[in-house]
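No lab work stands behind these numbers, since they all come straight from the coordinates. No experiment lies behind these values; they were computed from the predicted model shown. Counting neighbours? That spans all protein chains shown, and the Cβs are built from the backbone with ideal geometry, glycine included.
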Amino acid sequence: MRKKIIIMGGDLRLSYAASYLADKNYETVYFRGSADENTIKRSGILLLGVPVSSDGETLNAPLSEDKIYLNGLAESIDSDTILIGGKIPENIFKCRTYDLLKRDDFAYYNAVPTAEGVLETAMRETNYCISQSKCLVIGYGRIGKVICDMLGKLGTRVTVSARKASDMALAEALGHKAENTLFLKNFVGDYDIIINTVPQKILNAEVLERTSPDSLIIDTASKPGGVDTDEAFRLSRKVVCALSLPGKVAPKTAGEIIGRTTQNILDELGE
């Protein structure tokens with residue numbers, strides 16, 4: 001018999017995750033804010049938000065006025081509880097934890113809504129059609145590959161900037177131009193749209209100096225991001241920090257992805 005899943009906090013995505021899991025015959029109880037201690041103790045599985053916390057001290061629960069401290073929540077959780085969430089703070093919870101953001105399946109599922117969000121951002125923030133525009137995608141990981149594929153299908157002239165020879169070779173095999181990120185400053189000025197997916201300060205002062213004043217820079221990298229925003233401001237470069245795109249552009253799909261990955265974890269554990 002499947003254990004009850006208690007779902008706490010999070011944004012709109014968790015309500016869709018709850019519906020997804022209920023449709024898969026899990027018994028789910030969703031609390032936008034706090035749940036009583038006995039309910040938490042009786043739960044075998046606890047699903048929290050993505051991220052679990054925005055400040056490292058309280059539960060991320062923007063749909064509730066409750067202020068739930070992580071230390072207090074941790075004391076209410078039995079050691080054999082399965083806790084699932086995103087960016088789970090270390091050294092707080094003493095139970096079994098499974099971080100969604102460290103899983104490949106979660107990242108691959110999210111690549112499509114992230115890429116769609118990037119396209120929506122590019123279309124909204126430019127005054128020209130992105131088809132036939134010159135676009136540079138920095139990083140050719142899971143998200144970068146999907147972004148390049150979608151841009152290519154729209155007729156955009158895509159160049160991939162990567163470090164690995166294998167990534168550059170694959171990009172060329174799929175019909176894109178490829179450049180080495182080590183020499184980014186030498187070619188970054190040739191593009192109308194620059195999309196960064198690398199969570200490092202790739203677009204530093206030296207590189208930003210070489211970008212076109214008319215370029216649009218979209219940064220999808222997690223904080224602190226891949227763009228020196230102070231330098232970009234000084235140079236009057238247009239930068240859009242596009243974080244957490246799945247939850248913003250497609251909360252239903254993003255919630256179902258949380259539910260689907262949670263199901264994968266529980267299947268692996270035999271729950």
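Let me know the charge dipole size of the chain about its Cα centre in debye, to the nearest 20, where only the beta-carbon of Lys, Arg (+1) and Asp, Glu (-1) is charged.
Values: 33 positive and 36 negative charges, 85 e Å.
Rounded to the nearest 20 debye, it is 400 debye.
How many percent of all Cα-Cα pairs in the range 11-83 sit more than 20 Å apart?
On the way: 744 of 2628 pairs.
Everything past 20 Å amounts to 28 percent.
Look at the dipole of the chain built from charges on Cβ: of Leu174, Val29, Pro251, the Cα furthest out on the positive end belongs to Leu174.
Which helices of the chain meet both criteria: a Cα extent of 18 Å or more along the helical axis and a mean Kyte-Doolittle score no lower than -0.5, with helices taken as whole DSSP H segments? Don't skip to the answer; put the middle values down first.
On the way: long enough: 104-125 (30 Å, -0.34); 251-269 (27 Å, -0.39).
Sorted by number, the helices that extend far enough and score high enough are 104-125, 251-269.
Ellipsoid semi-axes for the range 106-247, based on the Cα gyration tensor and the rule √(5λ), read 20, 17, 16 Å when sorted largest first.
Computed from the C-beta positions of Glu172 and Ser54 and an R0 of 51 Å, the FRET efficiency is 0.80 to the nearest 0.05. Comparing Ile82, Gly117, Leu63 along the charge dipole axis of the chain, the residue lying farthest to the positive side is Gly117, per the Cβ-charge model. Given the C-alpha centroids of the range 199-271 and the range 44-76, what is the distance between them in whole angstrom? Cα centroid to Cα centroid, the span is 23 Å. The string of couplings for the range 192-202 from the Karplus curve (6.51, -1.76, 1.60, θ = phi - 60°) is 7, 10, 10, 10, 9, 10, 8, x, 9, 6, 5 Hz, one whole number per residue in order, with x for Gly and Pro.
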